[in-house]
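K.L.:
Take a look at this one; I'll ask things after.
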Amino acid sequence: MRLHEYQAKQIFSKHGIRIPKGRVAKTPEEVREIAEELGGRVVIKAQVLVGGRGKAGGIKKAETAEEAERIAKDLLGSLIRGHRVDKLLVEEQIPIEKEYYLGYVVDKSRRMPAVIFSKVGGMDIEEIASKHPEKIHKIYFDPLWGLHDYQIRRELFKAGFRGDEFRGMFNLIRTLVDIAFEYEAELTEINPLAVTKDGFIAVDARLNVDDNALYRHPELLSLRDATEVDELEREARLKGLNYVRVGGDIGVIANGAGLAMTTMDLIHLMGGKPANFLDTGGGLADPEKMKNCLLHVLKDENVKVIFINIFAEITRCEKVAEGIILALEESDRRVPLVVKLVGTNEEIGKEMLRRYAEENNAPIYFVDTIEEGAKKAVEIAKEV
Amino acid sequence: MAILVDENTKVIVQGITGFQGSFQTKRMLEYGTKVVGGVSPGKGGMEVHGVPVFNTVEEAVNETDADTSIIYVPARFATDAIFEAFDAGLRLVVCVTEGIPLYDEMRIHRRLREVKSMLLGPNCPGVISPGKSKVGLLPDRCFTPGNLGIVSRSGTLTYQISENLTKAGIGQSTVVGIGGDPMPGLTFIDILEMFEEDDETKAILMIGEIGGTAEEEAAEFIKRKISKPVVAFIAGRTAPPGKRMGHAGAIIEGSTGTAESKIEALRDAGVYVAETLFDIVKEVKRVLG
C-alpha cells in the first residue's frame, strides 16, 4: 500500500524529520486560507498516487493567496495521468540550495534492506542510477543486526559529507530506517531532500508499506480509504475481491493471478480490450464467492461481455455454476458470458448453465480453451 | 531421477489437523506420496487418514525419519512453522501459505543462509514428480510422467498449461511451483540448475510473470549455464504499469519488471518465448523431437 505524500509526511514529521509547513485542502477556499496563513507564496501539490506528478502538471507554485485559489480551482477535479485530484497539499515555498536523494528499499532480489542516497536528487532515482551510477551510494545491511553506525559513516565519508551536513544526513538515515522497520516499509523515499541554510528538509515523501503486514499496523489501515481512486476498486477491496480496473469492455474473471493475466493477454492478442483483472482466489466451493465476483464485474458499465475462466479442479463445478446463476438472477443487466469451466462435475455445471440460458434467454457460450474464449469474447464485444 | 521429490521422499505435514492440511494429506496419500507424519501442537497422538500426528516437528522427524515437510499453517503462524522445520534439519520445506509479511520473509532468508534446508515457496502450489510423488496441491490429472521439467511462478496457469501438454502427449519429469511471492525460497535459477543436472529432464518450460527481476536473472543464468532447450511464457504482457495484479510479485514499477524486459532478456539468452498456450505445446513438442 502506497501512502499519500501528506500521510507519509505526517509520519516523517512525527519521527522528527523536518517537513515544510502546510496542510491538506479539498476546496479552493481552503487552499486560499492556508496560503494566506503561510504568507501567500506556496506550493500546491496534487495528492495522487502516480509517478511523474510534477511533469504532468500536478505541482504548481503560487505567489499570492489569490493565485493559489485560482490554481486550486483548475487542479481540483482534474485528471493527473488518469487519477482524479480531490486533495491538494498546500505548503510554504522552501528556498532550496541543493537537492539530494535519500531512500530505503527492501531489495527483493538480494533479500536484504538497503539505504540509497545521492547528492543528485530531484529526479527519478532510476534515471540517476543509469546516468551517474558513481553518484549513487548504497548501504546493504543485515536485517537481523540492523544498520551499524560505522556503515553509515563509511558511506557518508566516501560521498564527501562533512560537518553539519554529515551529522544531519547521519540522523536522517537512522530515522528513515527506524520508520521503515516500524511500519514494515517496502520502500520509503525523500526526493528531493532539500538542503537549505537551516539544514535538511523533506520536500517530498514516499512510504509504501507491505500489505501482508497491515494486520500488525491497524493505524495504517485507517489511512487506506484515502488512497484508492477508482470507485469500483475501492468497493472491491471492501468486499475482499482481488480486482483491478483496466478500462476496456471485456470483463475477466479467473481463479489465479497468472491465469487471469494470461486471459487478459490473450484477449489483447485477439484484438480486444479487457475491462479488468479479477482473481477469485480459492473458496469457490461457496457459490456466494462467484456470485459476488460476477455481480461486481457487471457493475462496470463499459463491460459488454464477460469471460469467466475457471480451472476449478477440486471445486465442484455445479457450485461455480450456481454462483453464476445467482448473480444473473440478481443483476438486471444482460451481458453475454463466455465460460471456460474445468473441474469436478464440469458437465453438471455446464448443463445447469445451459438450461438457465435457454429458459431465461441469457446468452452463455462455452469454450474449451482460453484462446477460443478470448476470440469469442472479442467477437461479441465488437458486435454489441 | 526427477528433482526435489521422488518415490523415496518421506513427508510430514505441518498443520495436518486443519481443513486444508487434512484434505491435502488425503490427496497426497492417494497419489502415492509417502506421508509419514503430521504436526499439530497439542494434538500429538491423534491420527489423520492413518497418519500419526506429533506435537513438534523435531519429534515427527525423530520418529518417522522424514526429510521433507509441507506447511499448511495460516500466515500469522507460518514463519514460526518454517523456522521449526529448518531447525529440525529437514532437507526440503514446502510452504503453501500465502500472505507472509515481507519482513518475516527477510528473516526467513537470513536464516536460510545458516541452515541446510531448501525452502520452496511461500505462496506456492508445491512440487510433483509425476508417477512418483507429489508434495503440494497440484491436481494429479494434469500431469503424466515424461521428460519436460516445468518451473513456474503461477498456480492455476501451471495446471492449465500442464494439462494441455499432458493431453498432447508430453509428460513431465518434475513440475515445480516456486510461488508468487517477491522473495521466493528456491528461485528459477535454483530449479533450472537442478533440471540441467537431471538425466530425466530433456527440456525445460519456464512460466514467468510480470514484476520483479527473477526472469531477467534466470535469462542471464540460462545464457551461461543451461545447455538444454528452454521454452518460456510470461503472463501479464498487457497489464498496465503501477497496478498490482494479485500476486505480491506481479507488479510493474517504473521501468523494471515489464514483460518486454523479460521477453527481451530471455530471447537474448536463446529462449523461445511463446505468445499463446497453443504456442507452448507446439514449441515444446518441437524441441523434444
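K.L.:
For residue A:18, list long-range residues whose amide hydrogen, built 1.01 Å from N in the peptide plane, is under 5 Å from its own amide hydrogen.
P.N.:
For residue A:18, whose amide H was placed from the backbone, the distant partners under 5 Å are A:202.
K.L.:
Using each residue's phi in segment A:15-24, evaluate 6.51 cos²θ - 1.76 cosθ + 1.60 at θ = phi - 60° and report the 3J(HN,Hα) Karplus result to the nearest Hz, with x for Gly and Pro.
P.N.:
Per-residue couplings from phi come out as 8, x, 7, 6, 10, x, 5, x, 8, 8 Hz.
K.L.:
Also: Give me a comma-separated list of calculated 3J(HN,Hα) values for segment B:115-125, in order, Karplus coefficients 6.51, -1.76, 1.60 applied at θ = phi - 60°, integers in Hz, x for any Gly or Pro.
P.N.:
10, 8, 5, 9, 10, 9, x, x, 6, 10, x
K.L.:
Grab the Cα-Cα distance for residue A:140 and residue A:216, subtract it from 0.36 nm times how many residues apart they are, and report the gain in nm with one decimal.
P.N.:
24.8 nm
K.L.:
I'd like the distance separating the alpha-carbon centroids of segment A:224-278 and segment B:138-197, in whole Å.
P.N.:
Distance between centres, Cα-based: 26 Å.
K.L.:
Same structure again: Taking a label point 7 Å from the Cα of residue B:76 along the Cα→Cβ vector, which residues of segment B:101-118 have an amide N closer than 18 Å to it?
P.N.:
B:101-105
K.L.:
Continuing with this model, one more query. Separation between the residue A:230 and residue A:154 pseudo-spin-labels, each 7 Å from Cα along Cα→Cβ, expressed in nm?
P.N.:
That separation, rounded to one decimal, is 4.5 nm.
K.L.:
Something else: For residue B:34, give me every one of the lysines with a C-alpha distance below 18 angstrom, ignoring sequence neighbours fewer than eight places off in its own chain.
P.N.:
Partners found: B:10, B:26, B:132, B:134.
K.L.:
Nearest 10 degrees is fine. How inclined is helix B:156-167 to the longest principal axis of chain B, computing both from alpha carbons?
P.N.:
The two axes meet at around 70 degrees.
K.L.:
Follow-up. By how many degrees, between 0 and 90 and to the nearest 10, does the Cα long axis of helix B:259-268 differ from the longest principal axis of chain B?
P.N.:
So the inclination is approximately 80 degrees.
K.L.:
Below 8 Å between Cα atoms, with a sequence gap of 6+, how large is the relative contact order for chain B in percent?
P.N.:
14 percent.
K.L.:
Can you list residues whose amide H is under 5 Å from residue A:4's amide H, if they're 5+ apart or on another chain and H is modeled 1.01 Å from N?
P.N.:
Close amide H contacts, sequence-distant or interchain: none at all.
K.L.:
Using a Förster distance of 41 Å, how high is the FRET efficiency between residue B:58 and residue B:168, based on the Cβ-Cβ distance and rounded to 0.05?
P.N.:
So the FRET efficiency works out to roughly 0.35.
K.L.:
Now, a different point. Between A:16, A:160, A:256, find the one with the highest GNM mean-square fluctuation for chain A; connect C-alpha pairs within less than 10 Å.
P.N.:
A:160
K.L.:
Sticking with this structure for a sec: Under 13 Å from the 7 Å Cα→Cβ point of residue A:132, by amide nitrogen: which residues of segment A:63-104?
P.N.:
The answer is A:98-102, whose backbone nitrogens lie closer than 13 Å to the label point.
K.L.:
Another question, if that's okay. When only C-alpha pairs under 8 Å and at least 6 residues apart count, what is the relative contact order of segment B:10-120, in percent?
P.N.:
23
K.L.:
Taking the Cα centre of the protein assembly as shown as origin, sum charge times position over the Cβ atoms of Lys and Arg (+1) and Asp and Glu (-1), and report the length of that vector in debye to the nearest 20.
P.N.:
With only Lys, Arg, Asp and Glu charged at Cβ, the dipole is about 940 debye.
K.L.:
Would you look at the GNM of chain B, springs on alpha carbons closer than 10 Å, and say which of B:236, B:45, B:169 moves the most?
P.N.:
Looking only at B:236, B:45, B:169, the largest GNM fluctuation is found for B:45.
K.L.:
Once every DSSP H run of n ≥ 4 in chain B is given -39500 (n - 2.57) and the sum is divided by its residues, what mean residue ellipticity at 222 nm do you get, rounded to the nearest 500 deg cm²/dmol?
P.N.:
That comes out to -10500 deg cm²/dmol.
K.L.:
Sticking with this structure for a sec: Setting aside same-chain residues fewer than 8 positions from residue A:61, which lysines have a Cα under 22 Å from its Cα?
P.N.:
In chain and number order, the partners are A:9, A:21, A:26, A:45, A:73, A:87, A:98, A:197.
K.L.:
Can you pull the one-decimal nm distance between simple spin-label points at residue B:7 and residue B:264, each 7 Å off the Cα toward Cβ?
P.N.:
Each label point lies 7 Å from its Cα, and together they span 4.9 nm.
K.L.:
Before rounding to the nearest 500, sum -39500 (n - 2.57) across all DSSP H runs of length at least 4 in chain A and divide by the residue total; then give [θ] at 222 nm in deg cm²/dmol.
P.N.:
After summing the helix terms and dividing by residue count, I get -12000 deg cm²/dmol.
K.L.:
Given H placed on each backbone N at 1.01 Å, which residues far from residue A:242 in sequence or on other chains put an amide H within less than 5 Å of it?
P.N.:
Amide H neighbours of residue A:242, under 5 Å, 5+ apart: A:279.
K.L.:
Same structure again: For segment B:138-288, please report how many Lys pairs fall under 23 Å Cα to Cα, leaving out neighbours fewer than 8 apart on the same chain.
P.N.:
So the count works out to 18.
K.L.:
Continuing with the same structure: Roughly how many debye, to the nearest 20, is the charge dipole of segment B:138-288 about its Cα centre, given +1 on each Lys and Arg Cβ, -1 on each Asp and Glu Cβ, and no other charges?
P.N.:
Dipole about the Cα centre, nearest 20: 460 debye.
K.L.:
To test your reading of the geometry: what angle, between 0 and 90 degrees and rounded to tens, separates the Cα axis of helix B:75-87 from the longest principal axis of chain B?
P.N.:
Between helix and principal axis, roughly 80 degrees.
K.L.:
In addition: Take chain A, connect every pair of alpha-carbon atoms lying under 10 Å apart with a spring to form a Gaussian network, then pick out the residue of A:299, A:60, A:87 with the largest mean-square fluctuation.
P.N.:
Greatest mean-square fluctuation among the candidates belongs to A:299.
K.L.:
Right, something else. Per residue, how big is the convex hull of the protein assembly as shown when only Cα atoms are used? Give it in Å³.
P.N.:
Here the figure is 161 Å³ per residue.
K.L.:
Give a residue-ordered list of calculated ³J(HN,Hα) values for segment B:195-210 (Karplus: 6.51 cos²θ - 1.76 cosθ + 1.60, θ = phi - 60°; whole Hz; x for Gly, Pro).
P.N.:
Rounded to whole hertz, the list is 5, 4, 8, 8, 4, 6, 8, 9, 8, 10, 10, 10, 10, x, 9, 5.
Values in this text are rule-based calculations from the coordinates and carry no lab data. If you're wondering where the values come from, they're calculated on a predicted model, not measured in any experiment. As a convention, Cβ positions derive from the backbone with ideal geometry for all residues, glycine included, and neighbour counts pool all protein chains shown.
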